[in-house]
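The values are calculated or read from the model by the stated rules, or taken from the named source; none is laboratory data. These numbers come from a predicted model, not from an experiment. We place every Cβ from the backbone using ideal geometry, glycine too, and count neighbours over all the protein chains shown.
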Amino acid sequence: MKEIVNALYPTLLQSDAVEPPPIRRPPPAKANQNVIDPTSFQSMEVDKLFDSVNHASTVAGQATLYRSLTRPLADAGLIRAKQDAVREIETSGEIRQRLENLIKQARDTEKDFYDLLFGTFVGMLSSPAHKLEIEGYGYASYIRGTRFMLNLVDAAHRLPTPQSEYLATLVDDLKGFSKSRAYALAHGPAYRTEKGMATKAEKGWFVPGIKFKPSLFKPGLLGLVGVLFLVLMELIPIVFEMFDSIGPTIWLFIAPLSLLYIPVVGGFDRDACIYPLRLIFRKSNDVQNLLDSLGKLDELLSFVRLKENFPHPMTLPKILDTDRHTLEVKNVRNPILGKDNRDYVGNDLTLREERLTLVTGPNSGGKTAFCKTLTQTQLLAQIGSYVPAEQAELSPADRIYYQMPEISHLADGEGRFGTELRRTKEIFLSSSPQSLIVMDELSEGTTHEEKIEISMNILDGFRQKGNSTLLITHNHELVDRFQEKKVGLARQVEFKNDQPTYRLIEGISRVSHADRVAKKIGFSKEDIARYLTGR
């Protein structure tokens, strides 16, 4: 499990990094590298989803959560392993409390760690010009930054032994850091040798080296200077007589010379010890995995906090192993819109035997919100999180696609129809029976008759592939054609007294309520006449 967990993602901290890991990183540009392609990522509003579900405390935890959302898991076994870890944290009071303490301690000292790795120490006389410039020679940052790593190990040893494999792997990673070279250097002593920084074991008793002490006060150096001075006066009496004759005047020369001690010693420690040591830490796979394990632990804890803070029921979905994508949810709510709305309406949907679902209804009835709810719920399930539903079971999707109407560009050549059709083709060729595909309208920018014909062909193609396909459409004639063939689920958003209930019910909507929407935004026929007359 350890090798699998550590190989899932590129580490938050990279060897060539020049600043702390950013919380938000874009998904991979190539669709075949990921469950979600960049276009679907934007259409599904994953950034807003992150803001809604983020309860991580540390920068590493938040970056890990965002990374999970951009790179969701497609392996059912790994998802279940993360779920088991979440359940154990939720049900074990001792593990929960110890883990809370570990995360809180890390949150309070994490900045010190990044200051050590990426800070520029400007000495005593210069003033910092930006946040990564730090006054002094780096002693304080070194002490606090290495303590961050050492404290993580100590806190991990205080955790009870987890029963879940995924959680146990992360805890063992933290504990195992104590066997690394980076830990030995951080714990000390570290020595400056002719070949660079070395641990005590690497240096050996026979190799000359300077022991690094993160402080300007060097008792050994000062003592050696004092002894040499006394020996000099004993062996060469004339030196003593000279000092005695000059008297107080000598301090006019010694005092300025003593001021050189600080920049000379501080500069040497910074350039010869602290900078090389922090480069070792930055490039160390052990340090990189240490930070990742912290982030993954914080992510797991954030899932538990999400459930406790969301105003509606949440559940860990049952993860299925199936040849084709399957999803069944009861009273599912949108994780973004439902966060601050206790009255948000839940809906049910089952995607098992039927491969095609057609959703119709007037504008502002909740069609798009419902379809985004499904894709966002699928995404949350595939990172091991709770989902906003009373019950849920689903299979991991190898691809989650969300196609929305696109604006054509002059360089496209084919106009809006061609632009959207090219996107639909990409989805079709990349999808499999295990994919979840949502499309908001199809074949826009052509005649009504052609739109129906081409949409029928496209949807039949997806259905024969066997994936789960949902289409949002105002085109009830298209839905009629499929229903006549007894193909697909027909669902519509419900309206009562010309107002949406935001419930999804069986049937086909044949009304648009366009005039109601126009009146709502002040651009109905009457509004236009009023604007023209100036009344």
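Restricting attention to segment 34-58 and to residues that are part of a helix (DSSP H, G or I) and among the β-branched types (Val, Ile, Thr), the residue that is nearest to Leu152 (Cα to Cα) turns out to be Val53. The residues of segment 132-158 that are within 23 Å of the chain's Cα centre (by Cα) and farther than 18 Å from Ala184 by Cα amount to a single one, Leu132. Among the residues of segment 339-354, is there at least one that is surrounded by fewer than 17 Cβ atoms within 10 Å (Cβ to Cβ), under 24 Å from the mean Cα position of the chain (by Cα) and under 21 Å from Pro72 (Cβ atoms)? So far as segment 339-354 goes, no, none of its residues is surrounded by fewer than 17 Cβ atoms within 10 Å (Cβ to Cβ), under 24 Å from the mean Cα position of the chain (by Cα) and under 21 Å from Pro72 (Cβ atoms). Within segment 147-163, residues that are free of Cβ contacts under 8 Å to residues at least 24 places away in the same chain reach partners that are among the hydrophobic types (A, V, I, L, M, F, W, C) and surrounded by 17 or more Cβ atoms within 10 Å (Cβ to Cβ) with beta carbons closer than 8 Å, at six or more positions or on different chains, in the pairs Thr161/Ala168; Thr161/Val171. What are the residue pairs meeting all of these: first residue in segment 320-333, first residue touching a residue at least 12 places away in the same chain (Cβ under 8 Å), second residue crowded, with 16+ Cβ neighbours inside 10 Å and of a type in the set (Phe, Trp, Tyr), Cβ atoms under 8 Å, and 6 or more apart or on different chains? Every condition considered, the pairs that remain are Arg333/Tyr344.
Residue-by-condition table, conditions (1) farther than 19 Å from Ile143 by Cα; (2) exposed (fewer than 13 other Cβ atoms within 10 Å of the Cβ); (3) basic (Lys, Arg); (4) at pLDDT 95 or above:
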{"site": "Gly247", "(1), (2), (3), (4)": "yes, yes, no, no"}
{"site": "Leu252", "(1), (2), (3), (4)": "yes, yes, no, no"}
{"site": "Leu257", "(1), (2), (3), (4)": "yes, yes, no, no"}
{"site": "Pro276", "(1), (2), (3), (4)": "no, no, no, yes"}
{"site": "Ser284", "(1), (2), (3), (4)": "no, no, no, yes"}
{"site": "Val287", "(1), (2), (3), (4)": "no, no, no, yes"}
{"site": "Leu291", "(1), (2), (3), (4)": "no, no, no, yes"}
{"site": "Leu300", "(1), (2), (3), (4)": "yes, no, no, yes"}
{"site": "Phe310", "(1), (2), (3), (4)": "yes, no, no, yes"}
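Is at least one residue of segment 279-299 among the hydrophobic types (A, V, I, L, M, F, W, C), without any contact (Cβ under 8 Å) to a residue 24 or more places away in the chain, over 19 Å from Leu78 (Cβ atoms) and assigned to a helix (DSSP H, G or I)? Yes, segment 279-299 contains at least one residue that is among the hydrophobic types (A, V, I, L, M, F, W, C), without any contact (Cβ under 8 Å) to a residue 24 or more places away in the chain, over 19 Å from Leu78 (Cβ atoms) and assigned to a helix (DSSP H, G or I).
Inspect all residues belonging to segment 146-153 and state whether any of them is part of a helix (DSSP H, G or I), surrounded by 21 or more Cβ atoms within 10 Å (Cβ to Cβ) and among the β-branched types (Val, Ile, Thr). Yes, the conditions are met somewhere in segment 146-153. Within segment 454-469, the only residue that satisfies the criterion of being without any contact (Cβ under 8 Å) to a residue 24 or more places away in the chain and either among the small types (Gly, Ala, Ser) or crowded, with 20+ Cβ neighbours inside 10 Å (or both) is Ser455. Taking the conditions exactly as written (among the hydroxyl-bearing types (Ser, Thr, Tyr) and either under 26 Å from the mean Cα position of the chain (by Cα) or within 18 Å of Leu290 (Cα to Cα) (or both)), does Thr120 satisfy them or not? No.
Here is a list: Phe523, Phe482. Which entry is farther than 21 Å from Glu354 by Cβ and either out of contact with any Leu (no Cβ under 7 Å at 6 or more places or on another chain) or not in a strand (DSSP E or B) (or both)?
Details: Phe482 fails: farther than 21 Å from Glu354 by Cβ.
Sole residue among the options that is farther than 21 Å from Glu354 by Cβ and either out of contact with any Leu (no Cβ under 7 Å at 6 or more places or on another chain) or not in a strand (DSSP E or B) (or both): Phe523.
Just to check your reading of the model, which residue among Glu506, Glu494 is within 40 Å of the chain's Cα centre (by Cα), acidic (Asp, Glu) and either crowded, with 17+ Cβ neighbours inside 10 Å or not assigned by TED's automatic domain parsing to the domain that holds Gly346 (or both)?
Glu494
Within segment 186-210, the residues that satisfy the criterion of being in contact with a Gly (Cβ under 8 Å, 6 or more places away or on another chain) and assigned to a strand (DSSP E or B) are Tyr191, Arg192, Thr193, Ala198. Restricted to segment 168-209, and to residues there that are more than 34 Å from the chain's Cα centre (by Cα) and of a type in the set (Ser, Thr, Tyr), the residue that is surrounded by the most Cβ atoms within 10 Å (Cβ to Cβ) is Tyr191. Exactly one residue among Asn101, Asn54 is within 30 Å of Arg181 (Cβ to Cβ) and either in the same structural domain as Pro26 (by TED's automatic domain parsing) or without any contact (Cβ under 8 Å) to a residue 60 or more places away in the chain (or both), and that residue is Asn101. On the given criteria, is Ile452 part of a strand (DSSP E or B), outside the structural domain of Phe41 (by TED's automatic domain parsing) and hydrophobic (A, V, I, L, M, F, W, C)? In short, no. Residue pairs whose Cβ atoms lie under 6 Å apart, separated by 6 or more positions or on different chains, with the first residue in segment 342-357 and over 15 Å from Leu471 (Cα atoms) and touching a residue at least 12 places away in the same chain (Cβ under 8 Å) and the second hydroxyl-bearing (Ser, Thr, Tyr) and crowded, with 17+ Cβ neighbours inside 10 Å, are Val345/Tyr502; Arg352/Thr326.
Would you point out the residue of segment 363-378, among those that are over 29 Å from the mean Cα position of the chain (by Cα) and among the small types (Gly, Ala, Ser), that is surrounded by the most Cβ atoms within 10 Å (Cβ to Cβ)? Break it down into steps so the answer makes sense when it comes.
The first filter runs over segment 363-378 and keeps only residues over 29 Å from the mean Cα position of the chain (by Cα), leaving 363-365.
Cutting the leftovers down to among the small types (Gly, Ala, Ser) gives us 364-365.
On the way: Ser364: 17, Gly365: 24.
Across segment 363-378, the extreme among qualifying residues is Gly365.
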